[in-house]
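Q: Just passing along the structure, written as structure tokens.
Bear in mind these aren't lab numbers, they're just calculated from the coordinates by the rules spelled out. Because the structure is a prediction, the values reported are computed rather than measured. Because the Cβ atoms are built from the backbone with ideal geometry, glycine has one as well, and the counts that use them run over all protein chains shown.
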């Protein structure tokens with residue numbers, strides 16, 4: 001599974017704010033009062049939009065984005081989806097699982113946290 005994604009973003013001063021948009025990522029736009037804030041917000045919105053997806057849009061080149069957006073500054077913005085998910089999406093949810101009684105008995109006697117084992121197995125299986 002992809003861990004780090006990089007997309008070109010356009011930055012343009014719009015009054016008191018710097019407006020940021022990702023032409024390749026539908027719904028990914030934000031703003032900030034300073035360039036630093038705009039860039040940080042860009043990383044966050046990119047993570048928010050892509051965190052629940054399994055297939056990601058193909059990134060255009062900076063050259064293509066610059067040509068189709070004259071007058072706008074273009075920069076690459078990256079997001080580490082694994083880190084983003086850990087930071088913003090780590091709330092646990094309750095799931096019912098069924099395992100054989102004998103396996104449950106052994107896990108209990110060994111003081112094994114079945115929920116943790118299931119989470120670890122899913123992460124390994126999904127490559128996240």
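Q: Ranked by Cβ crowding within 10 angstrom, fewest neighbours first, how are 91, 4 ordered?
A: 91, 4
Q: Could you give the angle, 0 to 90 degrees to the nearest 10, between helix 35-50's Cα long axis and the longest principal axis of the Cα atoms of the chain?
A: 50 degrees
Q: Once every DSSP H run of n ≥ 4 in the chain is given -39500 (n - 2.57) and the sum is divided by its residues, what mean residue ellipticity at 222 nm do you get, rounded to the nearest 500 deg cm²/dmol?
A: -12500 deg cm²/dmol
Q: Would you kindly compute the Cα radius of gyration of the stretch 50-128 and its largest Cα-Cα separation (Dmax), both in Å?
A: Over the stretch 50-128's Cα set, Rg and Dmax evaluate to 21.2, 68 Å.
Q: Then there's this: Over the chain, what is the relative contact order in whole percent, taking alpha-carbon pairs under 8 Å and six or more residues apart?
A: In percent, rounded to a whole number, it is 28.
Q: Quick one: check the C-alpha center-to-center distance for the stretch 99-128 versus the stretch 49-95, whole angstrom.
A: Each part's Cα centre sits 32 Å from the other's.
Q: Continuing with the same structure: Treating the angle as unsigned and between 0 and 90°, give the value, to the nearest 10°, between the Cα long axis of helix 114-126 and the longest Cα principal axis of the chain.
A: 50 degrees
Q: On average, how much area does the Cα convex hull of the stretch 4-88 cover when viewed from any direction, in nm²?
A: Mean shadow area of the hull around the Cα atoms is 5.4 nm².
Q: Continuing with the same structure: What distance in nm separates the simple spin-label points at residue 103 and residue 3, each placed 7 Å from Cα in the Cβ direction?
A: 2.9 nm
Q: Another one. How do 88, 39, 17 line up, fewest other C-beta atoms within 10 Å first?
A: In order of increasing Cβ crowding within 10 Å: 88, 17, 39.
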